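Here is the structure we will look at.
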Amino acid sequence: MKRSIFILLLLSPFLSKSQTDSVKGLVLPVQAAYVRMTIYEGDTIPFVTLPTIYCYGNRVFKNPRQKAAWDRLKYNVKIVYPYAILAAAKLKEYDRILSQMPEEQRSKYTKLAEKQLKDQFGKELENLTVNQGRLLIKLIDRETGKTTYSVVKEMRGSFSAFMWQSVAVMFGSNLKDEYEGQGSDKNIEAAIKLIEAGDF
């Protein structure tokens with residue numbers, strides 16, 4: 001009760017304003033705002049969680065080629081990142097379903113799931129460039145915590161994972177690539193943060 005009274009007192013300037021506002025002589029109803037609260041040093045105070053805001057300075061480039069490479073990376077991340085998020089969500093859903101399924105039905109379900117994914121996204125993924133494909137491999141690891149190789153191995157088995165790895169190597173990619181957001185992939189991470197913040 002004491003907490004509720006404190007919050008009402010805290011919001012009283014806003015509430016009293018809404019009571020006095022009127023439209024053609026009609027008094028508007030009292031509007032209330034509910035906030036979480038916490039006890040700090042014996043006092044009850046409102047508790048609001050604010051989203052994280054990332055601040056970046058303007059990037060300085062040594063030459064126009066560096067700027068073009070950064071712009072190209074941002075563009076590619078913007079194209080590929082939604083697929084990585086979707087892959088993580090689908091993988092989580094498939095893992096949940098497969099964990100509740102008898103062993104003998106898993107292979108059939110996996111093939112059905114793969115066909116649905118191919119029908120839904122096959123054409124779009126075929127249109128990715130080689131660089132976008134490499135980026136997708138890394139972002140799948142970022143979002144799922146599993147390399148693309150291990151995802152293929154779980155879904156299709158060791159032989160299929162080996163075959164896909166062989167194809168990837170021919171195109172200069174590696175399905176076993178891991179994401180290193182604080183290391184070699186820090187520019188990719190910076191581009192993702194810009195996307196998540198709505199800055200491009």
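All of the numbers you see were taken from the coordinates with simple rules; none came from a lab. On a predicted model such as this, the values are computed, not experimentally measured, just so you know. Every residue, glycine among them, receives a Cβ derived from its backbone with ideal geometry; neighbour counts consider all protein chains shown.
For this structure, a couple of remarks:
- Cβ crowding within 10 Å, taken as a proxy for footprinting-reagent exposure, orders SER173, SER184, SER150 from fewest neighbours to most as SER184, SER150, SER173.
- Of LYS111/LYS153; LYS78/LYS186; LYS92/LYS115; LYS115/LYS176; LYS74/LYS193, pairs whose Cα-Cα distance is over 19 Å: LYS115/LYS176
- Least to most buried among TYR56, TYR94 (fewest other Cβ within 10 Å first): TYR56, TYR94
- Highest-first packing order for the peptide set 117-127, 34-44 is 117-127, 34-44, based on the mean count of other beta carbon atoms within 10 Å.
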